[in-house]
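Structure first, commentary second.
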Amino acid sequence: MSAGASFYITTPIFYVNDVPHIGHAYTEVAADLLARWHRQAGEDAWLLTGTDEHGQKILRTATANGVTPKEWADRLVETAWKPLLKTVDIKNDDFIRTTDERHEVNAQKFLQHLYDAGHIYTGEYEGFYCVGCEEYKQPSDLIEGTGEFIGQQVCAIHSLPVELLHEKNYFFRMSTFAERLLALYEDDPDFVQPAAARNEVISFVKQGLSDLSISRSSFDWGIKVPWDDSHVVYVWFDALLNYITAAGYGQDDEKFSRLWPATHIVGKDILRFHAVIWPAMLMAAGLPVPRRVFGHGWLLVGGEKMSKSKLTGIAPSQITDTFGSDAFRYYFMRAISFGQDGSFSWEDLSARYQSELANGFGNLASRVIAMVVRYCDGEIPVTTAFTDADAAIRATEIRVTDAAGEAISRLAIHEAIASVWELVDELNGYITIQEPWGLAKDPADRDRLDAVLFTAVRGLGTLAVLLSPVVPEACAKLWSALGGEGLVTDQRIDRAWEWTGGTHVSPLEALFPRIEATVG
Ligand code: MSP
């Protein structure tokens, strides 16, 4: 396999100071959907996720809970962050923790390499630090506090006071990379996406870059600076390196050249770290920059970014316990334009579940299979006599397969699903117009009945293949009810309409059962 031939995709690694909410699950699902799609397109897709465990934020939480930071991280990883992957059905290929030895050792190699090459120097820094962001803030990043923080300057993201720090630190000469970064954004317009995020990054870098403080010496929960163990590596510098240490940097050259560079999916809150600091670090090390960095929008509650610290966090299981993981995945990927903010509401979720998943897709599948069972003893009819209406369905299968694939190549996940849904809607309209239950009454209409059910079964199989990255559980059930060969995930998604199946259907339970209880 040639260098970087795979589709390597990453999520941010998540802070373990608290348990996940639906904003974290949103990022996981988006990256997982893209990985599943590329895997099904026959690519060597590799999904990495993991946890960010060093730094002051985790140290303080652990101390407040009377345990060591490592004990705290272990507990949260095992009881909350790994279980999240099951809750929303993530098929990751790897899970990295920044406390893994493979990360710590190779992050140190990277740092030593930069030090030896003259990219790091000793300096002093005084500035306002937000522990929530784990970042030094410029005065322009701060706002007037409200409530108990009235009269104080607070972080605009966390609404909490910042701390004035004065430390002797090691610095990374980031300022020397401004021109090369600007050239990168110019030469590869897709490097930062979406376009609004790219513009924001460009104007930020055009204002000039400062050097970056990359070590801390007032606490010791972190990776030791290899040439000076009285310092630990700044938590963001440490965390960003996960993307290469997990891919074999420093210890498995073959794996590293197969996987790297990656596509990074991150929330827009951390776009600058990924689109400015991270490529500058890689340039300094002489490594290829990421393939692209996509900054998605925020899930909002009451118009504000949903967050645990503001007590607006909703646990993913609150949704999946009632609606299931497929509905979670479908709802957030369909209802929010990927790249834009979106407001979550229980009403919207329930309405889409009922009309799109239960009535639109689920019912279509149940009806078609039930008719093949009833009118054909479960045997999928074979026919060659087609009308224009049948051909139109076939044409839609091909058209939406291509359109969805094209949308995915632009990371326009919502557009891809909307394209596939054209087939759901057309098939429903087709069944209503063709009235197979009417054709079944007259033996003279047998050929026509066969053609209609054949066409509908073909269309359903195409849907199972195309929707498998979105609603994997439902599609696996539908696939086996259709007598599909092997696993649906082994069917090529870029030629979904060519799926190969068996000769018989088997009864299908409701894919999206009616939800009785009121939720919210
Ligand atoms: N640890 C850093 C990332 C290091 S990556 C090298 C971090 N962690 S985090 O736990 O705060 O999670 C950040 C990510 O969670 C965001 O970038 C975003 O992808 C996701 N989200 C957190 N809250 C969110 C919303 N309210 N809405 C959408 N996504 C959200 O930052």
Over the residues of segment 148-202, compute the C-alpha Rg and express it relative to 2.2 N^0.38 Å.
-> 1.71
Using only alpha carbon positions, build the gyration tensor of segment 107-217, then give the equivalent ellipsoid semi-axes as the square roots of 5 times its eigenvalues, largest first, whole angstrom.
-> 28, 23, 11
Partner lysines whose C-alpha sits under 21 Å from that of Lys70, ignoring same-chain residues fewer than 8 away, are Lys57, Lys82, Lys224
Expressed as a whole number of Å, what is the distance separating the alpha-carbon centroids of segment 28-74 and segment 233-295?
-> 15
Please express the Cα-Cα pair-distance distribution P(r) of the chain as a list of whole percents, one per 20 Å bin, running from 0 to the bin with the greatest distance.
-> 21, 49, 23, 6, 0
Among Tyr331, Ser307, Ser350, which residue has its Cα positioned farthest towards the positive end of the charge dipole of segment 301-363, with +1 placed on the Cβ of Lys and Arg, -1 on the Cβ of Asp and Glu, and the dipole taken about the Cα centre?
-> Ser307
Using the number of other C-beta atoms within 10 angstrom as an exposure proxy, rank Thr27, Thr489 with the fewest first.
-> Thr489, Thr27
What is the sum of charges around Thr10, taking Lys and Arg as +1, Asp and Glu as -1, for the other residues whose C-beta is under 12 Å from the C-beta of Thr10?
-> -2
Where does the charge balance sit around Leu508 when Lys and Arg score +1, Asp and Glu -1, over other residues with C-beta under 11 Å from its C-beta?
-> +1
The longest stretch of the chain containing none of the GluC sites (Glu not before Pro) that sit in a DSSP loop with at most 16 other Cβ atoms within 10 Å is 44-484
Given unit charges at Cβ for Lys, Arg (+) and Asp, Glu (-), the dipole magnitude of segment 126-238 about its Cα centre in debye, nearest 20, is 140
Computed over the Cα atoms, what is the radius of gyration of segment 186-261 divided by 2.2 N^0.38 Å, N being its residue count?
-> 1.45
Taking segment 292-348 as the region of interest, what is the percent of Cα-Cα pairs per 5 angstrom bin, listed from the shortest bin to the one with the maximum distance?
-> 4, 17, 25, 27, 19, 6, 1, 0
Taking the Cβ-Cβ separation of Lys91 and Glu124 as r and a Förster radius of 56 Å, what is the calculated FRET efficiency to the nearest 0.05?
-> 0.75
Express in nm, to one decimal, how much length is gained between Asp229 and Thr79 on full extension, taking 0.36 nm for each residue of separation and deducting their alpha carbon distance.
-> 50.8 nm
Would you list the P(r) distribution for segment 35-138, with all Cα-Cα distances sorted into 10 Å bins from 0 and each bin expressed as a whole %?
-> 12, 27, 34, 21, 6, 0
Using the Cβ atoms and a cut-off under 9 Å, what net charge is assigned to the surroundings of Lys91, where Lys and Arg are +1 and Asp and Glu are -1?
-> -1
Per-residue ellipticity at 222 nm for the chain, helices alone: DSSP H runs ≥ 4 residues times -39500 (n - 2.57), over residue total, nearest 500 deg cm²/dmol?
-> -13000 deg cm²/dmol
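Each value in this text was obtained by applying a stated rule to the coordinates, not by laboratory testing. Model, not experiment: these values are computed from the prediction. Neighbour counts run over all protein chains shown; Cβ positions are idealised from the backbone, glycine included.
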